[in-house]
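The values are calculated or read from the model by the stated rules, or taken from the named source; none is laboratory data. Keep in mind that what you see is a predicted model, and the values were worked out from it rather than measured. Cβ placement follows ideal geometry from the backbone for every residue including glycine, while neighbour counts extend to all protein chains displayed. For accessibility, only protein heavy atoms count, side chains too; no ligands or nucleic acids. Shrake-Rupley method; radii C 1.70, N 1.55, O 1.52, S 1.80 Å.
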Amino acid sequence: MSELATLNIMYLPGVGPRKAELLKQELRIVSYEDLLYYFPYRYVDRSKIFKINEIHPDMQYVQVKGRIVALRTIGEGRTKRLSAWLDDGTGRIELVWFKGLKYVQGRLRSDLDFIAFGKPVVYGGQINIVHPEMEKYDESKVRLQAGLQPQYITSEKLKSNFLNSRAIQKLIFNLLQGYKEKFPETLPAYLLEKQKLMLLNDALRVIHFPPDNITLEKARFRFKFEELFYIQLSILRLKNQRTYNVKGLLFERVGAYLNAYYKEYLPFELTEAQKRVIREIRRDMGSGRQMNRLLQGDVGSGKTLVALMVMLIAADNNYQSCLMAPTEILANQHYETIASQCDKIGIKVALLTGSSNKSERDKIHAALESGELLILIGTHALIEDKVVFRNLGLVVIDEQHRFGVEQRARLWKKNVTPPHVLVMTATPIPRTLAMTVYGDLDVSVIDQLPPGRKPIQTQHFFHNHRNKLNRFLHQEIEKGRQIYVVYPLIEESEKMDYKNLSEGYEYMKMAFPQYEVVMVHGKMKAAEKDEAMQAFASGKAHIMVATTVIEVGVNVPNASVMVIESAERFGLSQLHQLRGRVGRGAEQSYCILMTSYKLAEESRKRMEIMVRTNDGFEIAEADMKMRGPGDLEGTQQSGLPFELKIANLSRDSQVLQAARDVALEILEDDPMLEKPENQILVRRLTALARAKLNWSMIS
Ligand code: ADP
Ligand code: MG
């Protein structure tokens, strides 16, 4: 591919410098290779010609053939339009143009058959087609626009510069015509054979000009497989390199701290899942290699306790650890839980956040450098270069989806030998995404909740049931429970959302005059926020009205009702996170989803799923199916080593599994990819990485 990657698109017939610049700006197409790999996003079947009397407005696209029997321009100025009526013997359909009237009018004739192609729409009770593609029909000639027609994504700017989908197709046609050599293969022969993949040279031609659906699917499969395969190969190779080249700290000892804690202070029996996960982590830390482990566990599964025990192992081996959380509220809460436990066994713990003042910081910095401070808890503030550890041995990152890979890497560098890394996430990640975004991490799963928990009951209420809701809330508070009421806060509508929040707060104060109501949101001063949180955590306040600042990690076991206002505005995984704030004690807990009466189909589905299941993994899968993986919170595809051009993580999970298996097999046999037959893989990986780097520098 190297030559194609260096040939500039500017020199392709039909392009030139101006269009080349546009293609670069709008579609990132610079080289011949870029254009060849600009795949259609769908295909329109233009083999079928419909009868006009068969057409109905639900059809995506239709193609009709007939004679123009009438032609008229209507209106004046900006509303001027051209209407033509096409008749095929079964009926008549109106074709409408608002632009390029002169040009179209000049081409339309009444003595020839025309084929019109476009989307039928209803206007004024009649079906018509606006701006159809027109083609003179000549029985004696082969039709260029027949069969499966590729559709390319373009932009308004490109379209107004004569680069619509069809023009792009034409450019690709020119390229394929003009390039007489074979496109060099990018997968090794043994792999093509074993996986029965179409050759690149054929697949590139087929994907742009498919002869039929079956052949097209074979070509698409090849590209999907290749794309996912190279992602897996690059992730797994990196992981290999790390395992072979990076020495890890050896934590062999289980000493006084862990023993004392385990025997005397452990507040409850560990669940089997917690025990298993701790064993897995200990095995890593005692292996002499650096641990890079993802700890997945649904909300409330008890990850914090695991983190604490692992930090105690580090302390037993004379190493410092830190725990990084995405928000101050969460860092505070971890600090309180962990410090209260560590206090009992004589380990000092400190908290470092954006609101720590200078003298606190100075003290912490000094205690870290002297080694006197064994455990540090905090927010992003931990990453700052000023924070220097004497011997950092373990980094725990809570709620990973809020941290980028780069931030993870900065923590690595805080010790000469990189510390062990434990990433904890409560956002269950669909398997396919986990394999891709976290494909380099080993995975442990806490698949069990602590005993005695009753599953949360979820109900969907409409706004007009507010009285019923209030009666229910009264009952719960009378039983001694506490209530969360959460309002959406979305950047684009921030002002409005804050207004709703404070109105909601005033309303709750009015509706529950005998109880204490507090409010928490991101714009409050840290001290005020703290005070409100404290009031709720201590049980003094009965109701907390908040934004999603409480989404992650907040732990008040006595809170048993989560009311989510305008629930239709939240995504599934966010709803699940919020729901996870209750159901943490032994009491029956409830989640109430409040929505308006009118709901879009999608929103209704989300509410149904929430009511139906508490299983985070099931919800994550459903979320990914409904939204597509690119939109999943915090796991944007930018986290992927390469951009996905054709594969889809929710639809192509089997292809992904196969690609990962093949990559594993190859690396097992040739861990550093040194064999001659694998050099093609190394070259391709390098080229892909370079392409990604180039683009990330430009954009
Ligand atoms: P998460 O996994 O969501 O971070 P937490 O660590 O906050 O969950 O734990 C949720 C609650 O469960 C806390 O109140 C914690 O004290 C409690 N917990 C953790 N482990 C156990 C256990 N083995 N038995 C009983 N309760 C537990
Ligand atoms: Mg947690």
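Couple of notes before you dig in:
- Excluding same-chain neighbours fewer than eight residues apart, the aspartates and glutamates reachable from Lys180 by a Cα-Cα span under 19 Å are Glu3, Glu33, Asp34, Asp202.
- Long hydrophobic helices in the chain: the complete DSSP H runs spanning 15 Å or more by Cα along their own axis with mean Kyte-Doolittle hydropathy of at least -1.0 are 16-27, 165-178, 213-245, 303-316, 328-345, 526-537, 616-627, 653-669, 679-698.
- Environment charge at Ile9 (Cβ cut-off 14 Å; Lys +1, Arg +1, Asp -1, Glu -1): 0
- Beta bridges from DSSP with both residues in the chain: antiparallel share about 40 percent, rounded to the nearest 5.
- Å² per residue, accessible surface of the chain at 1.4 Å: 48 Å²
- Shape descriptor for the chain: Rg over Rh equals 1.04 (Cα atoms; Rh from the Kirkwood inverse mean 1/r).
- Bridges between two residues of segment 256-446, per DSSP, are antiparallel at a rate of about 0%.
- Set Lys224/Lys414; Lys468/Lys523; Lys182/Lys692; Lys119/Lys159; Lys182/Lys218; Lys303/Lys358 screened for pairs whose C-alpha atoms are more than 28 Å apart: Lys224/Lys414; Lys468/Lys523; Lys303/Lys358
- Probe 1.4 Å - accessible area at Asp202, Å² to nearest ten: 70 Å²
- Shape category assigned to segment 430-484 from the gyration tensor of Cα positions, a/c cut at 1.5: prolate
- To put it simply, the accessible area of segment 256-446 at a 1.4 Å probe is 49 percent carbon and sulfur.
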